[in-house]
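Notes follow once the structure below has been shown.
The values are calculated or read from the model by the stated rules, or taken from the named source; none is laboratory data. All values reported here derive from a predicted model rather than from experimental measurement. Cβ placement follows ideal geometry from the backbone for every residue including glycine, while neighbour counts extend to all protein chains displayed.
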Amino acid sequence: MIETVDLTKKYGEFVAVNHLNLHVKSGEIYGFLGPNGAGKTTTIRMLTGLLQPTSGKVFIDGINMEEEPIKAKARIGLIPDTPSVYPKLTGNEFLNFIAAIYEIPPEESVHKVKEILEMLELSHKADELIETYSHGMKQKIVIAAALLHDPSVLILDEPTVGLDPKSAKLIKDLLRVYASRGKTVFMSTHILEIAERMCDRVGIINHGTLIAEGTIEELRRRVGEGEGTLEDLFLKLTGGEDTKDLLKFLED
Amino acid sequence: MKKEFYIAKALILSRLNSIAKKKKYRKFLIPSILAIIAVVFYFIQKFAIYLFGLRLGFLPNLPLYLLNLAVLAMLIFLFLGSITTILSVFYLSNDITLLLSMPVSGKKVFAGRFLYVIAEDSVYTLVLVFPFFTAFGIMNRLGILYFLLSFLFCIVLPVLPAVFAFLVVMPLANRVSSERLQNITMVISVLLGMAVYFVTQIANPAYGLFKNNHLTGIGTKLLLISKFFPSWAAAEFSAKFLQGSVLAGSGIALLFIGANVLLFYLAYALASKYYIKGLFNARRTERVVVKRKWIVKPGQSPIRALINKDLKMLMRDTKVKVLLFSNLAYLAFFAVAFGFMPSKSTQSGSFSSIVFLIMMYVIVDYFLCGQNTLINLFIDRESIWVILTSPLKSAVFYWSKFIPPFSLGIIVNLLLLVLSLILMGVKASYASIISLPVVIAMPFIFTVTALFIGFQFTNFHTPKDPRKLISGRVVLVLAVVYFVYILIFGIGIPILLSFIAKFKGISFTFLVSLIIFAIVSFGGGFPLVMLSIKKYEGLQITE
């Protein structure tokens, strides 16, 4: 479960995230949408303890991130937008390292590392340095690391970027299974089709403020889009209708 | 030439923007730079006029020697930085991939980048060398032509080092991957530094002060070679203007400028054939399989896993290996040149043997514990999010960064202690006992200081430039702090202990040494440990 109370982040005068109140339940896949620079990554960084809020609180499974960061972090698995991992370690070594810092028992970790590498089709690259991996492979090794300690909250920042269609499908299936086991999945994405098909609820953030939240149907009703796509809904809510001018320009 | 100028302009703008990081400062940037340049120029010119005006009986041509020396010093500076500059600007720059996809030929990309390098380097030559020419011109009332030619001389001065570096890097880039290219060029830069040192000793105009019979036969011949160095051209054309031979002086200056333009065209012609191939090649990734026996093993405690991970990464990073190699080279040089050879003649418990032993530990620990701690800390910079989002206690992370350099310092200190006892025999035993607390205290102090300073600068972004493994600010602050440490621990305290040893005997001096280093370690070191751990707890990743 993820809960934020009046979560705010300011950089000088600029308000990156403004009094954000979220409540993501266990077993739920929550899509966090917003245009570029809306405050998605800043929010994710505050949820995972990478950034301290200016004010407000973050609770992971009821644990206050500020007061008990170690306990809270032990329950999180993060998949960041850029898969920057130790380039001079092999995939195998990186996962063993993760198992050690999350204190997974040795017998369990050997079995889990092998299993997860096979599942993500990385076994053949397990003993090669990560710096030689393609972007998609690096993304997969980060996913493997995030899942290794079986976190109760999985936070993903643009999880399918750089993945081939087969791997993207695998991730989508995996997230569904994960949520069905009672775990919380919080995902920021630009791919509205993924949000529409996978998420139980979505939240739309713009200029640091949560402007809409609910199931896709609820949002449609609220905006009066009827049978329109999530894309239309998103553009209407975030003022992205300017794109129509761009399309007109391109047509001309 | 339009596209070349656009490429150079984009690079210059991006350089200026990187200096003025915030948009609001950008409008003040160029006026500020010009103001600083004008002030520095004025003071250097004033200084040069003062130097030129000195009357040294044994050196009648002092202004010409100084002019020669100024150009030579600038050339050393340009040569030393040339390889890494060419590598980062021509091959590793982020915008190259974009340029390759555009309808721009390789030679235009080359020319644009070359113009940028020359533009940047000529700022240095115009600020630091041109004032010597203007001072010479003002003092001798040489006329506008002299000023114009010396201005052009300074503009083209960076061409030779840039072409040289390009001719070194280009063939390598056509054969090896980016990673290897960076490693090989780092080794070449180290060797180049040694070669430049050697060559400057030959070309040093100061040798002209001595008569040729003071030099060996080879030395005399090598001195003749110095006539071919660009620094000689500066002195020669200025001398001709001084003698009133404007035509001869202009001829030499124009010959020099023309030779540099030709050099550029030579590089341009080669670049049109071979540069693009190297660009593609440098972007190739090599497949590296790691042998099973070297892997990080599963089931370790967090602190062991962290140390294991760091050691593996350090051992596999050739940039780090090159740095360690140069550290060891300096240590060997220090040990042989200033250490055991002269110390063989020192007396037991004497001033010099105590100072020597303590100074040796301080210098060794400066390299082993100071520099290596930072390398070990910043090796995590690219992937720090893994650590910061994990349930790792800050103290565990801290000690994992402390243990390897500290242990290395202790081991090497103990080896040096044994070695000094073997080589210096009984003479060292007295001094060794007094310096014993230093064996443990110094690695501790140097390691905790490096970690403390490292933790103050939380910029954990990936270095794009091979020179910037550790950020410049950290290196600068640490250098100042360590300089003070060397003065206190390497010179001040050993001198104090030597005096005490002279009057109070070995036991008392040992006790004083123990108390001093215990106070420094507990009183100074542990608060730094606590502050660093606290700082880590507040570590954030920001843009």
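Let's see how each residue does on (1) in contact with a Ser or Thr (Cβ under 7 Å, 6 or more places away or on another chain); (2) of a type in the set (A, V, I, L, M); (3) surrounded by 14 or more Cβ atoms within 10 Å (Cβ to Cβ); (4) on the phi < 0 side of the Ramachandran plot:
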residue: B:V474; (1), (2), (3), (4): no, yes, yes, yes
residue: B:Y485; (1), (2), (3), (4): no, no, yes, yes
residue: B:L514; (1), (2), (3), (4): no, yes, yes, yes
residue: B:F526; (1), (2), (3), (4): no, no, no, yes
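So that you can scan it fast, the table gives a plain yes or no per residue for (1) touching a helix residue (DSSP H, G or I) at 6+ places or on another chain (Cβ under 7 Å); (2) touching a residue at least 60 places away in the same chain (Cβ under 8 Å):
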{"position": "B:A111", "(1), (2)": "yes, yes"}
{"position": "B:L115", "(1), (2)": "yes, yes"}
{"position": "B:V123", "(1), (2)": "no, yes"}
{"position": "B:V127", "(1), (2)": "yes, yes"}
{"position": "B:M139", "(1), (2)": "yes, yes"}
{"position": "B:I144", "(1), (2)": "no, no"}
{"position": "B:L148", "(1), (2)": "no, no"}
{"position": "B:V156", "(1), (2)": "yes, yes"}
{"position": "B:L160", "(1), (2)": "yes, yes"}
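Could you check A:N92 against (1) under 20 Å from B:L392 (Cβ atoms); (2) outside the structural domain of A:S188 (by TED's automatic domain parsing) and say which number it fails?
The single condition A:N92 does not satisfy is (1).
For every residue, the table says whether it meets (1) in contact (Cβ under 8 Å) with a residue 24 or more places away in the chain; (2) away from chain A (no Cβ under 14 Å); (3) part of a helix (DSSP H, G or I); (4) surrounded by fewer than 21 Cβ atoms within 10 Å (Cβ to Cβ).
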| position | (1), (2), (3), (4) |
| --- | --- |
| B:Y361 | yes, yes, yes, no |
| B:V364 | yes, yes, yes, no |
| B:L368 | yes, yes, yes, no |
| B:Q371 | yes, yes, yes, no |
| B:L374 | yes, yes, yes, no |
| B:I384 | yes, no, yes, yes |
| B:L392 | yes, no, no, no |
| B:S400 | yes, no, yes, no |
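Filter region A:72-86 for residues that are within 7 Å of chain B (Cβ to nearest Cβ), at pLDDT below 90 and out of contact with any strand residue (DSSP E or B) (no Cβ under 6 Å at 6 or more places or on another chain); which is surrounded by the fewest Cβ atoms within 10 Å (Cβ to Cβ)?
It comes out as A:S84.
Which of the numbered conditions does B:V176 fail, given that it passes all the others? Conditions: (1) more than 24 Å from the chain's Cα centre (by Cα); (2) under 26 Å from B:L262 (Cα atoms); (3) of a type in the set (A, V, I, L, M).
(2)
With (1) buried (at least 17 other Cβ atoms within 10 Å of the Cβ); (2) within 24 Å of B:Y146 (Cβ to Cβ) as the list, and B:A73 as the residue in question, which single condition is left unmet?
(1)
Residue-by-condition table, conditions (1) modelled with pLDDT under 80; (2) buried (at least 18 other Cβ atoms within 10 Å of the Cβ); (3) not in a loop (DSSP other than H, G, I, E, B):
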{"residue": "B:L13", "(1), (2), (3)": "no, no, yes"}
{"residue": "B:S18", "(1), (2), (3)": "yes, no, yes"}
{"residue": "B:K27", "(1), (2), (3)": "yes, no, yes"}
{"residue": "B:I37", "(1), (2), (3)": "no, no, yes"}
{"residue": "B:V40", "(1), (2), (3)": "no, no, yes"}
{"residue": "B:F43", "(1), (2), (3)": "no, no, yes"}
{"residue": "B:L66", "(1), (2), (3)": "no, yes, yes"}
{"residue": "B:T85", "(1), (2), (3)": "no, yes, yes"}
{"residue": "B:M102", "(1), (2), (3)": "yes, no, no"}
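For region B:163-177, give me each residue that is closer than 18 Å to B:N94 by Cα and surrounded by fewer than 17 Cβ atoms within 10 Å (Cβ to Cβ).
Result: B:S177, single match.
Can you tell me which residues in region A:147-159 are out of contact with any helix residue (DSSP H, G or I) (no Cβ under 9 Å at 6 or more places or on another chain) and within 12 Å of another protein chain (Cβ to nearest Cβ)?
Within region A:147-159, just A:P151 meets the criteria.
List the number of the failed condition for A:T90; all other conditions in (1) at the interface with chain B (Cβ under 7 Å from one of its Cβ atoms); (2) of a type in the set (V, I, T); (3) surrounded by fewer than 24 Cβ atoms within 10 Å (Cβ to Cβ) hold.
Here A:T90 meets the rest and fails (3).
Within region A:42-67, how many residues turn out to be facing chain B (nearest Cβ under 10 Å) and not in a helix (DSSP H, G or I)?
So the answer is 5.
Could you figure out which of (1) more than 7 Å from chain B (Cβ to nearest Cβ); (2) in a helix (DSSP H, G or I); (3) out of contact with any helix residue (DSSP H, G or I) (no Cβ under 7 Å at 6 or more places or on another chain) isn't true of A:M137?
(3)
Out of region B:109-132, which residues are charged (D, E, K, R) and buried (at least 22 other Cβ atoms within 10 Å of the Cβ)?
If the condition is that a residue be charged (D, E, K, R) and buried (at least 22 other Cβ atoms within 10 Å of the Cβ), then B:R113, B:D121 are the ones that fit.
Only residues in region A:210-228 that are among the aliphatic types (A, V, I, L, M) count as the first member; pair them with residues that are part of a loop (DSSP other than H, G, I, E, B) and modelled with pLDDT under 75, Cβ under 7 angstrom, at least 6 apart or cross-chain, and list the lot.
Correct list of pairs: empty, since none qualify.
Can you tell me which of (1) surrounded by fewer than 17 Cβ atoms within 10 Å (Cβ to Cβ); (2) at pLDDT 90 or above is the one B:A135 doesn't meet?
It fails just one condition, (1).
Among A:I143, A:I116, A:I130, which is the only one that is among the β-branched types (V, I, T) and within 12 Å of chain B (Cβ to nearest Cβ)?
After ruling out the rest, the residue left standing is A:I130.
If a residue must be surrounded by fewer than 24 Cβ atoms within 10 Å (Cβ to Cβ) and of a type in the set (S, T, Y), how many such residues does region B:434-457 contain?
Total meeting the criteria: 1.
Looking at A:I98, is it assigned to a helix (DSSP H, G or I), at negative phi, under 22 Å from the mean Cα position of the chain (by Cα) and more than 10 Å from chain B (Cβ to nearest Cβ)?
In short, no.
Can you find a residue that is at the interface with chain B (Cβ under 10 Å from one of its Cβ atoms), surrounded by fewer than 23 Cβ atoms within 10 Å (Cβ to Cβ) and farther than 30 Å from A:D232 by Cβ anywhere in region A:11-32?
Among the residues of region A:11-32, at least one is at the interface with chain B (Cβ under 10 Å from one of its Cβ atoms), surrounded by fewer than 23 Cβ atoms within 10 Å (Cβ to Cβ) and farther than 30 Å from A:D232 by Cβ, which makes the answer yes.
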